[in-house]
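Take a look at the structure set out below.
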Amino acid sequence: MKHSRLTALIFIALFLGVIVGHFFPDFAVRMRPFAEIFLRMVKMIIAPLLFSTLVVGIAGHGDAKSLGKIGLKTIIYFEIVTTLALIIGLTMGNIFKPGVGFVSGTSVHAIEMQAAGLVAASHAHTSIGAMVTDIFPTSVVDAMAKGNLLQIVVFSIFFALAICAVGKKAQPVLDLLNSVSQIMFKFTEYVMYFAPLGIFGAIAATVGANGLSVLKNYFKIIGALYTALAVFVVLVLFIVCKIVRISFRTLLRALQEPALLAFTTASSEAAFPKAMEIMERFGVPKNIVSFVMPTGYTFNLDGSTLYLAMAVLFSSQIVGIHLDLNQQIIIMLALMLTSKGVAGVPRVSLIVLAGTLASFDIPILGVAILLGIDQILDMGRTTVNLIGNCVATVVIARWEKVFDYDKMKAFVAQSKAESIGADIEKFRKDHERK
């Protein structure tokens, strides 16, 4: 109920922002501080959320050796699929160029940010060697203060491995960080309650400064993302299911309820329990489901990583920063790390996007613009996250040769029977009314 209420408020704020921006442009431009305040609130979450979730995600399984071959296969699969998602996202971003011509330049604030971005861009990383050197922090406190996600990730990985090595003596620290991660997710939820106000300010100021013509560019980024997600589903998930000899259509039919829940709420957490239950009934052993699904929501966010790749290009394009192939590869490598551990909370990808842009000295103007339509974008990428993780459980089960085809057939037969029964009951009720 909370998610649906917030979703409704976000759409209302989006509509009101367009109306106010069109009919009262001068007043609408003055609403920009609402968006900036919300962005500041988002940025203050970055460091503690990323640190706690990443450490718990890595160290929470205990001794790294205990993960065994299933853990190794799972991580290998996740990284391959994540890389493909990033490649598709960058490719589509270069093809559609959704940020080119987005801001007309009538907003003084936008022009100032653009100028600052062009100057700052000259200090961005120019080589893989420079980036690798820079990701190792001299002080984690300094890294958190500056919001340098890459440095926080590196510190988190070493910290988690040290917890695994120490063992039981480090359990209190792990418990503490687990509590911190839960607190930060709740903290993020509270911050997201301010999303309607921030969205109203962002969309009103954007329409007020640039006119209704800017909306066609919104449709451009929405169309580009959903096209990219569809390409990923067809070229990656569908082919993966073909390789492991599982009907992708049958899997989608089985997942229609949690997928619809993920789409309407834009939250992976809302659909997570139901998806796990269905995958067990579908033929995947419980031990694989209970390991792969939670790990996937840390390491296998296909829709979110694809979106982040496009969003970084969008944010650079709107301020006129050209990223060459070498820089895009560096950003892709960075996103492979910084996109971990951010599932569950609606619009949390904005946090990662803001941190990634800051790490590469790209203005976060793009975050403010995307804020206005992030609910629509989040619905698509969250659904792909869910489907991608369910496909991963099937892949690992088939890889381990423990997938139960009889269970799958029984599940499909039961689903068909329930569907037929529902149709018969509906026909009977319609007949009685007549």
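Nothing in this text is a laboratory measurement; each read-out follows from the coordinates by a stated rule. This is a predicted model, so every value here is computed, not measured. Neighbour counts are summed over all protein chains in view; Cβ atoms, including those assigned to glycine, are modelled from backbone coordinates with ideal geometry.
Things worth noting here:
- For the pair T227 and K242 in one chain, pulling the backbone fully straight at 0.36 nm per residue adds 3.3 nm over the alpha carbon distance.
- Burial ordering of V284, V166, fewest other beta-carbon atoms within 10 Å first: V166, V284
- Sites F194 and I157 - FRET efficiency at Förster radius 30 Å, r taken between beta-carbons, to 0.05: 0.40
- Among the chymotrypsin sites (Phe, Trp or Tyr not before Pro) found in the range 150-217, those both in a DSSP coil and sparsely packed, with 14 or fewer other Cβ atoms within 10 Å of their Cβ, are Y193, F194.
- For the residue pairs K73/K168; K274/K407; K73/K169; K43/K186; K146/K186, the alpha carbons lie more than 19 Å apart in K73/K168; K73/K169; K146/K186.
- Alpha carbon centroid spacing (whole Å) that separates the range 157-186 from the range 228-252: 36 Å
- The fewest-to-most ranking of T250, T356 by surrounding Cβ atoms within 10 Å reads T250, T356.
- Ordering Y405, Y307, Y297 from the fewest to the most neighbouring beta carbons within 10 Å gives Y405, Y297, Y307.
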